[in-house]
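One structure is given here, and the rest of the page talks about it.
Here, each number is a calculation from the coordinates, and none is a lab measurement. Predicted, not measured: the structure shown is a model, and the values here were computed from it. Neighbour counts run over all protein chains shown; Cβ positions are idealised from the backbone, glycine included.
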Amino acid sequence: MEKYINNYVIVTIFILLGILLPVAALTAGRILRPHKPTNEKETTYESGNEPVGEGQVRFNVRYYLFALMFVVFDVETVFLYPWAVAYKQLGLFVLVEMAIFAGLLLVGLLYAWRKKVLKWNSI
Amino acid sequence: MGGMLDDTLTWGNAFVFLLWGVVLLVLVLGFVTYAIYFERKIIGWMQLRIGPNRVGPLGLLQTVADILKLLIKEDTIPRKADRVLFMLAPALAYVPAFGVLAVIPYTQDLYFADINVGLLYYVALSGITTIAIVLGGWASNNKYALLGGMRSAAQMISYEVPLVISVVGVIMMSGTMNLRGIAEQQGDWFWQWNFLPQIIGFVVFVIAAVSELNRTPFDLPEAESELVAGYHVEYSGFRFAFFMLTEYVYMYAIAALTTVLFLGGWHAPLAFLDFVPGIVWFLLKFALVVFFLIWLRGTMPRIRVDQLMGLGWKVLLPLAILNVFVTAVYLELFVK
C-alpha cells in the first residue's frame, strides 16, 4: 500500500514540475524581454501579404474520418492491453476470442480502405 | 530511491522525491541542450559542413546562446489569436512530455515511479500532446497554423495506433506492463532482448515512434516548403521554445523507452561483460537510439503527404496486429 501511494506521489511530483517549468520560465521571461507592440507586429502572418479572409478556414472532412478510425482502434488497444498481460495464464479460448474481435475491427479498416478514406487527394 | 518506495509517506520523503524530480529535470534540460548541439554538429558533418563552432570552445555554448536569445526575445501574440488558448498550448504540450519520464527505469535500482501500468501510463499521457498541437494551431487563427495543426493531429493519431499495438507483443512475452519488470526479464545475451523475438513489433515501433516525434522523414507538420512552419508559425520567443523543448524531451523519452522495451535496458549485450555497471549499458544504448534518430534526419527526404496516411493505416497497423497474433500463437505452441 505504501508503495502504491509513494509511486503516485512521484507521478504527481513529475506532473507538477512539468507545470512549474513553463510557468517559471515564462514569468522570468516577462521580466527580461522587451514589450513594444505595434499594429503591424500583431497582424496575422501570411508570408508578408495582407491576410486574406478568415484565419480559421474550413478544413477537409477527412480529418474527422481519421478521428473516428482512431477512436475505434484506440479502444481496441484498451482491450488488448489487459488481455496481453494475462495471456500466459489464459488458454487457447481467449486467443480465438481476440482473433474474432480484431477480425471484426479489420473488416472496418477494410471498409474504410475500400471507401478511399485512406486516399489523400487534396489538402 | 528503490528502498524509499516501501516506507510510509512523510513530508521528508516527499521532499526527497521532489529533489530527485528536480535532478532529473535539470539532467533532461542538459540533454536537450546538447542533443540540439550534437544534432546540428552531426548533420553538419554528414553534409560536409562544420556545424556550430563559434560560441564557446567547439561551439559548445551555441545552444545556450540560442536559449538565452529566445528568453529575451519579444513575445508577440497576434491580435486575432485566442489569447488564453494561445498561451496555454505550449505549456500543455510540455507537461505530458516531462510527466512520462516518471515511469522510465534506468537500472535495477535507479528508477522513479515503479507503477504496474507503466507502459499504459506512458501511452495515455503522451497522447495529450496532440491536443496541445491542435490547440496551438487553432488558437493562432492563421491558415498555415491551422492546416499544420490538423495535419499534425491526423498524423499523430494515425501512428499512435500502430505504436501502441506494436508493444502488445512485448507485454505478452513479459506478462506485465511494469517497465522495470519488462527490462528485468530480458537476458544478459543480446539475442535474449526483445528486439529479435519481436522483430516485426520492433520495426513497427521504431517507424511509428519517428512519426510520433514529427521527425524526418515524417516531419510534415513542419513542412517548411508548403506550410511555412506548421502549427507554431505564430509563436515566438519562449513559447516557441517550449514546443521545441517538448519535441526533444519526447526524443529522450522515446529513446529511453526503446532501450527499456526492446534493447534490454541495463543488461550487457554479452553475459561476460556484465562487470560494467548497468547504467553505462543503458546510456550507450540510449545514445545509439538518439544517434539513429539524428542519422535518419541526415539521410532521408520527407515523404509525401499522400503516402503518409497510407503507410500508417495500410502497412503498419496490419503488421502490428499480425505481430500480436504471431506472438500469441508462438507462446501457445512453444512456451506453455
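Tabulated results
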quantity	calculated
Cut-off 14 Å (backbone N to label point 7 Å along Cα→Cβ of B:ARG302), residues of the range B:103-146	B:144-145
Nearest 10 degrees, 0 to 90: helix A:92-114 Cα axis against chain A principal axis	50 degrees
Solvent-free Debye scattering, log10 I(q)/I(0), computed from the Cα coordinates of chain A at q = 0.18, 0.21 Å⁻¹	-1.05, -1.15
Estimated inter-spin distance, A:THR12 and A:TRP113, nm [label 7 Å along Cα→Cβ]	4.7 nm
Peptides ranked, highest mean first, by Cβ atoms within 10 Å: ranges A:104-113, B:142-151, B:198-207	B:142-151, B:198-207, A:104-113
Share of pairwise Cα separations in the range B:197-249, more than 15 Å, in percent	58 percent
FRET E, pair B:LEU18, B:PHE292, Förster distance 30 Å, beta-carbon r, rounded to 0.05	0.35
At q = 0.16 Å⁻¹, base-10 log of I(q)/I(0) for the range B:1-72 (Debye sum, equal scatterers on each alpha carbon)	-0.67
Chain B: DSSP helices with Cα axial extent of at least 30 Å and average Kyte-Doolittle hydropathy no lower than 0.5	B:11-46, B:143-166, B:237-261, B:278-299
Ascending count of other beta-carbon atoms within 10 Å, so fewest first, for A:THR27, B:THR130	A:THR27, B:THR130
Loop sites in the range B:220-314: GluC sites (Glu not before Pro), DSSP, at most 14 other Cβ within 10 Å	none
Overall form of the range A:61-114 per C-alpha gyration tensor (a/c, 1.5; a/b vs b/c)	oblate
Angle in degrees between helix A:62-86 and the longest Cα principal axis of chain A, rounded to the nearest 10	50 degrees
Charge tally in the Cβ shell below 9 Å around A:GLU2, where Lys, Arg are +1 and Asp, Glu are -1, A:GLU2 excluded	-1
Taking only Cα atoms of the range B:75-335, radius of gyration then Dmax in Å	19.2, 65
Ellipsoid semi-axes in whole angstrom, largest first, where each is sqrt(5λ) of the Cα gyration tensor of the protein assembly as shown	36, 29, 21
Where labels lie 7 Å past Cα in the beta-carbon direction, separation of A:VAL71 and A:LYS3 in nm	3.9 nm
FRET efficiency estimate (nearest 0.05) - Cβ-Cβ, B:ALA65 to A:GLU40, R0 22 angstrom	0.20
Neighbour-count ranking [beta-carbon atoms within 10 angstrom, fewest first] of B:LEU163, B:LEU25, B:LEU283	B:LEU283, B:LEU25, B:LEU163
Cβ-based net charge around A:TYR81, under 15 Å, with every Lys or Arg adding one and every Asp or Glu removing one	-2
Rounded to 10°, Cα long-axis angle of helix A:2-32 versus longest principal axis of chain A	20 degrees
For B:88-94, mean number of other protein chain Cβ atoms within 10 Å	3
Sequence of B:LYS314, B:LYS73 once ranked by neighbouring C-beta atoms within 10 Å, starting from the fewest	B:LYS314, B:LYS73
FRET E, pair B:ASP188, B:ARG54, Förster distance 45 Å, beta-carbon r, rounded to 0.05	0.50
B:ARG79 versus B:LEU27: modelled label distance in nm, points set 7 Å from Cα along the beta carbon direction	5.0 nm
Local electrostatic count at B:PHE31 - Lys and Arg +1, Asp and Glu -1, tallied over other residues with Cβ under 14 Å	-2
